[in-house]
Amino acid sequence: MKQSEEAAVAIQAWWRGTLVRRTLLHAALRASVIQRWWRQVLARLVEGRRWAALELFVRRERAVVKLQSWVRMWLTRLPYCRLLHAARIIQLYWRWHNCQSRGFLHGHYDIKENQLNLQLEISLGSQVCKMQQATSLPLKEPSGL
């Protein structure tokens with residue numbers, strides 16, 4: 001009997017070893033699946049952080065570029081506005097000068113009986129010339145009477 005008991009113990013030991021190895025293999029496979037899943041989760045987290053960092057970087061860069069363009073626009077606009085103001089002043093003085101050099105004529109007249117009263121005012125720049133004149137008009141005599 002000893003041989004059959006030893007054979008039975010050997011078979012039982014082999015069977016237990018097989019069960020243990022199978023259990024360990026299943027546990028190792030499950031651990032491997034869990035580890036793969038966890039690594040994918042971590043990779044997604046890292047990728048999400050990378051994208052968030054990239055979006056933040058892009059947002060900051062766009063803000064910097066926009067601020068730089070606004071500053072450049074402002075720095076360009078200031079001299080332009082100054083030149084525009086200077087051009088308007090020059091145009092204003094030029095128009096005033098042309099108007100002053102051309103001068104203007106203002107006057108009125110009235111006729112009473114046989115006399116023409118004429119009043120003229122001629123302006124050339126800062127010089128004003130006023131003139132008044134009364135002129136007698138010749139009267140036509142009715143013919144044939």
Next item on the list: Would you please list the contacts, defined by Cβ atoms under 6 Å and residues six or more apart or on different chains, that run from a residue in region 129-143 that is farther than 15 Å from His108 by Cβ to a residue that is in a loop (DSSP other than H, G, I, E, B) and at pLDDT 70 or above?
Entry: Ser136/Asn114; Leu137/Asn114; Leu139/Asn114
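Against the condition over 30 Å from Lys130 (Cβ atoms), within 50 Å of the chain's Cα centre (by Cα), among the small types (Gly, Ala, Ser) and at pLDDT below 90, how does Ala86 come out, does it pass? Spell out the reasoning first.
Details: over 30 Å from Lys130 (Cβ atoms): yes; within 50 Å of the chain's Cα centre (by Cα): yes; among the small types (Gly, Ala, Ser): yes; at pLDDT below 90: yes.
Answer is yes for this residue.
The values are calculated or read from the model by the stated rules, or taken from the named source; none is laboratory data. No experiment lies behind these values; they were computed from the predicted model shown. Counting neighbours? That spans all protein chains shown, and the Cβs are built from the backbone with ideal geometry, glycine included.
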